[in-house]
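Okay, so here's the structure we're looking at.
Any read-out appearing in this document is the output of simple, stated calculations on the displayed coordinates, not a laboratory observation. Since this is a predicted model, take the numbers as computed values, not measurements. Note that we place each Cβ from the backbone using ideal geometry, even for glycine, and neighbour counts take in every protein chain shown.
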Amino acid sequence: MITITDSFRDFDSLQDYVNYKINLVGNKNYNVFAYSPNQYFSRVKEGGYATDPNYVSKMNQMLNSVRAYS
């Protein structure tokens with residue numbers, strides 16, 4: 001288990017979360033734009049926006065499962 005003491009953003013809905021992420025991708029201040037999902041996930045992690053050490057692999061697993069249903 002990993003314990004993180006920090007402030008975290010709270011979203012009222014999944015839609016609010018998705019909108020936040022979309023805006024984050026397009027915000028030049030955060031410089032997370034990438035040419036592949038894996039590169040994006042890595043940059044989010046490197047930028048300190050993901051505290052889970054397994055964030056990149058979990059996001060890739062989620063993406064792959066979504067693609068499997070598409």
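Structure data summary
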{"quantity": "Cα→Cβ-extended label distance, 7 Å offset, between Gln15 and Asp52, nm", "calculated": "2.5 nm"}
{"quantity": "R0 of 25 Å, Cβ-Cβ distance Leu24-Ile2: FRET efficiency to nearest 0.05", "calculated": "0.65"}
{"quantity": "Sorted peptide list for 55-63, 2-10, 15-23, criterion being average Cβ within 10 angstrom, highest first", "calculated": "55-63, 15-23, 2-10"}
